[in-house]
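Asks: Attaching a single structure in structure tokens format; questions to follow.
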Amino acid sequence: MSIWWRKSELPLLVLYAVVFYVYVIRRSLNLSHDYFHQARGLVPGWIPNQFNDVSDAQWRNFRGNLPILTFVLGIFTMVANMLRAHYNLKAKGMSIVWLVISWIYLAYLHGAFIIFILSIVSANYLLVKIFGRRKYFLFVLWLFNLTFLLSNRIYTGYSFSVFGKQWAYLDKFRGAFRWYICFNFVVLRMLSFGYDYHWANCNRFDQKKHIQRCDQCSSGKTCYLLLQERSIPDDRFSFNIYLCYLAYAPLYIAGPIISFNAFASQLDTPQKNFSLQKVAWYGFRWVMSLFLMELMTHFCYYNAFALSGLWKNLSPVDVFIIGYGVLNFMWLKFFLIWRYFRFWALVSGIETLENMPKCINNCYNLESFWKNWHASFNKWLVRYMYIPLGGSQRKLVNVWVIFTFVAIWHDLEWKLLSWAWLTCIFFIPEMIVKSAANTLKVESMFGVVIWHELQAVSGAITITCLMVANLIGFVIGPSGINWLSSVFFKREGLPVLGGLFLTFYVGTKLMIHISDAKQKRF
């Protein structure tokens, strides 16, 4: 019964999904056509008779600076690769090459304010070297880095004038980008360096056993886990390699995040998992994704509508469509930014984790979502926070600590803390439903059917919760909770809420079918 029913329901699920997306795209086009004159952040686009939505500051800056970024990173990567090949440079030599290149890059980005960066990172290096082998070191490391993470934001990067009038003229040389924004990533790297130095001689990882069990490593290649966990020589923890790691140009602005061990290992031996052909194909796929983003921002003005507050005057159905569109826009924006910088790292011989390995529309539980949204940050949090805090044995407590840190790391805003705490609350129903589903997962056909249905219900609940948390955290803020409730918990909104839940239920069942098909293939 189970197999027959699952095969029979698949065409119906696909049909529902096609009808849903046709309706959403058509309604989005109509909304953009009817209300574009009320939206903020639209500029004439390169497509005739169409405006372009550049209301998101992060996307606008990235898109506007793409030509100069590509030129600069292309020159930097070519010079570094030529010097490596000509002089057969290893870790020490390559660290000096990238150190010079990267700090020239930082001088352009931040001007005279690189003095603050150098001062803080040098103090962190001394702290690691002096206290790195002590039992209480991790407490000191976190205290130091959290202090500067918060104070950088509170004082918006400091000012030279506080040191005296004779230094005030340096405040004019701010560069092209605010240094304390990029410094959030530097904090993660400083913590990684400290942890990896602290763990350097602990023998925490059985390399031989891993190579035997790992398909990639046993085939002669090197997986990222091995790069990250294996011990590296003490001379790799030198000041110049440390500075090179913190300021490495292809990953400096936005990541993806890479651990110190993995970075230092590849300075010596460049990555071999991606051939030139694979890297070129990776770049071509990125260009196609950029074209998709251009089509979206030229024809569907989701973000402009959200920032303009226009959706507050629309029907519940239109509110859902714009909210859903905003989340897809956010996913594609970060997908493009992170893959762009990962591409340049691969070209220069450094492999990092893929930050968006799975589409936002193919995640139906919180764990899966966070493993596939900013995946390198997730791995960083697991390695340096989740496991040291006790791992799965203290999961419910750990998620509160970790998500609070993630919110503060992004920025000091109440809406981000609201997003973090809502996400933690939403973990609870998922765990309850998942526990019930696992309890009923029996070998009988009826039990299997019930188990799949509970999975789908759990997925629908999770996706709804994720939408609410992300919209509150990144779009409407905590004050928007009452407004969102007033839209959907009334006579006109309740049918839409029911349809929304049904749609996510169908979407989850489709994702389960896709997941099962992949497992059978491999």
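The values are calculated or read from the model by the stated rules, or taken from the named source; none is laboratory data. None of these values were measured; they are calculated from a predicted model. Here Cβ is always computed from backbone atoms with ideal geometry, including for glycine, and neighbour counts include all displayed protein chains. Please note that ligands, DNA and RNA were not included when accessible areas were found on the heavy atoms of the full protein model with its side chains. Shrake-Rupley method; radii C 1.70, N 1.55, O 1.52, S 1.80 Å.
Asks: Computing the accessible area with a 1.4 Å probe over protein heavy atoms, can you report the carbon and sulfur percentage for region 272-354?
Replies: The value for region 272-354 is 70 percent carbon and sulfur by accessible area.
Asks: Going by amide H atoms built from the backbone, whose H comes under 5 Å of the H on ILE257, apart from near neighbours?
Replies: Under 5 Å from the amide H of ILE257 lie the amide H atoms of SER376, PHE377, each far enough along the sequence or on another chain.
Asks: Let me make sure I get this right: for region 316-387, a, b and c are the square roots of the gyration tensor eigenvalues over alpha carbons, sorted descending. Under 1.5 in a/c it's rounded, otherwise prolate if a/b > b/c, else oblate. Which is it?
Replies: It comes out oblate by the Cα gyration axes.
Asks: For LYS395, list the lysines whose Cα falls under 20 Å from its own Cα; do not include residues on the same chain fewer than 8 positions away.
Replies: Once the sequence-local lysines are set aside, what remains near LYS395 is LYS371, LYS379, LYS434.
Asks: Still on this structure, please answer the following. Taking a spot 7 Å from the Cα of SER219 along the direction of its beta carbon, which residues of region 489-521 have an amide N less than 20 Å from it?
Replies: Within reach of a label on SER219: 518-521.
Asks: Also: Ranked from highest to lowest mean number of other Cβ atoms within 10 Å per residue, what is the order of the peptides 186-193, 390-397, 497-504, 418-425?
Replies: In descending order of packing, they fall as 186-193, 418-425, 497-504, 390-397.
Asks: Please give the FRET efficiency for SER231 paired with ASN273, using the beta carbon to beta carbon distance and R0 = 22 Å, rounded to the nearest 0.05.
Replies: Here the calculated transfer efficiency is 0.60.
Asks: Pop the C-beta distance of LYS358 and SER159 into the FRET formula with R0 = 41 Å and round what comes out to the nearest 0.05.
Replies: 0.40
Asks: So what is the 222 nm mean residue ellipticity for the chain from helices alone, if each DSSP H run of at least 4 adds -39500 (n - 2.57) and you divide by all residues, rounding to the nearest 500 deg cm²/dmol?
Replies: Numbers: 23 runs with 363 residues, N = 522.
-23000 deg cm²/dmol, from helical runs alone.
Asks: Continuing with the same structure: Enumerate the calculated ³J(HN,Hα) couplings along region 37-52 in order (Karplus 6.51 cos²θ - 1.76 cosθ + 1.60, θ = phi - 60°), each rounded to whole Hz, writing x wherever the residue is Gly or Pro.
Replies: Taking θ as phi minus 60°, the curve returns 5, 9, 8, 9, x, 9, 10, x, x, 7, 7, x, 6, 10, 8, 10 Hz for region 37-52.
Asks: Taking +1 at the Cβ of each Lys and Arg and -1 at the Cβ of each Asp and Glu, which of VAL382, VAL406, GLY323 sits farthest along the dipole of region 317-433 towards its positive end, judged by Cα position relative to the Cα centre?
Replies: VAL382
Asks: In addition: Given a 1.4 angstrom probe, I'd like the percentage of the accessible area of region 17-66 that is carbon and sulfur, rounded to a whole number.
Replies: 58
Asks: Among GLY157, ALA123, LEU29, whose Cα lies farthest out toward the positive end of the dipole of the chain, if unit charges sit on the beta carbon of Lys, Arg (+1) and Asp, Glu (-1)?
Replies: ALA123
Asks: While we're on this one: Which of the peptides 48-55, 459-466 is most tightly packed, and how do the rest follow, going by the mean number of other Cβ atoms within 10 Å of each residue?
Replies: Highest to lowest by the protection proxy: 459-466, 48-55.
Asks: In Å², and per residue, what accessible area does the chain have when probed at 1.4 Å with the other protein chains present?
Replies: 49
Asks: Given H placed on each backbone N at 1.01 Å, which residues far from ASN52 in sequence or on other chains put an amide H within less than 5 Å of it?
Replies: Placed amide hydrogens put VAL43, GLY45 under 5 Å from ASN52.
Asks: Rounded if a/c is under 1.5, else prolate if a/b is larger than b/c, else oblate: which is region 161-252, with a ≥ b ≥ c the root eigenvalues of its Cα gyration tensor?
Replies: prolate
Asks: Still on this structure: What is the sum of charges around ASP206, taking Lys and Arg as +1, Asp and Glu as -1, for the other residues whose C-beta is under 11 Å from the C-beta of ASP206?
Replies: So the environment of ASP206 carries a net charge of +4.
Asks: Also, quick follow-up: Specify whether the C-alpha gyration tensor of the chain places it in the rounded, prolate or oblate class, a ≥ b ≥ c being the square roots of the eigenvalues: rounded for a/c under 1.5, otherwise prolate if a/b is larger than b/c and oblate if not.
Replies: Prolate, because a/c is 1.5 or more and a/b exceeds b/c.
Asks: Report the charge-dipole magnitude of the chain in Debye, nearest 20, computed about the Cα centre from +1 at each Lys and Arg Cβ and -1 at each Asp and Glu Cβ.
Replies: 900
Asks: Helix 395-410: angle to the longest alpha-carbon principal axis of the chain, degrees 0 to 90, nearest 10?
Replies: The angle comes out at about 70 degrees.
Asks: While we're on this one: Which of the cysteines found in the chain have nothing to pair with, since no other Cys Cβ lies under 4.7 Å from theirs?
Replies: Isolated Cys, the chain: CYS182, CYS202, CYS223, CYS244, CYS300, CYS359, CYS363, CYS424, CYS465.
Asks: Additional query: Using a 7 Å offset from the Cα along the Cα-to-Cβ direction at both LEU170 and ARG394, what is the distance between the two label points in nm, to one decimal?
Replies: Spacing of the two 7 Å Cα→Cβ label points: 4.1 nm.
Asks: Could I ask something else about it? How do THR156, THR352 rank by accessible surface area computed with a 1.4 Å probe, from largest to smallest?
Replies: Largest accessible area first, the residues go THR156, THR352.
Asks: Using Cα pairs under 8 angstrom and six or more residues apart, how large is the relative contact order of the chain, in percent? Spell out each step's value before the answer.
Replies: Values: 571 pairs, mean separation 93.5, N = 522.
Answer for the chain is 18 percent.
Asks: Return the aspartates and glutamates within reach of LYS509: Cα separation strictly under 13 angstrom, same-chain partners fewer than 8 residues apart disregarded; answer none if there are no such residues.
Replies: GLU9, GLU453
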